[in-house]
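None of the figures in this text is laboratory data; all of them are computed from the coordinates on show. As the structure is a prediction and not an experimental result, all values here were calculated from the model.
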Amino acid sequence: MDIAKYIATAVILTTVFGGIQERWVIYVGGLSAIAVTLLLGLLLVKDRNMDK
């Protein structure tokens, strides 16, 4: 789940400080990477808690 936070921070900083013309590419790629890493993190936490 921490990776999702780092990706979100990188996407925000890239769009703010970068001179990118097509920002939607960064947003779509970043949001999809955030969703995947967040879901994987939540699945891992769920599996670990069910074993106890």
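With contacts taken as Cα pairs under 8 Å at a separation of at least 6 residues, the chain carries a relative contact order of 53 percent. Both radii are taken from the alpha-carbon atoms of the chain; with Rh as the Kirkwood radius, Rg/Rh is 1.17.
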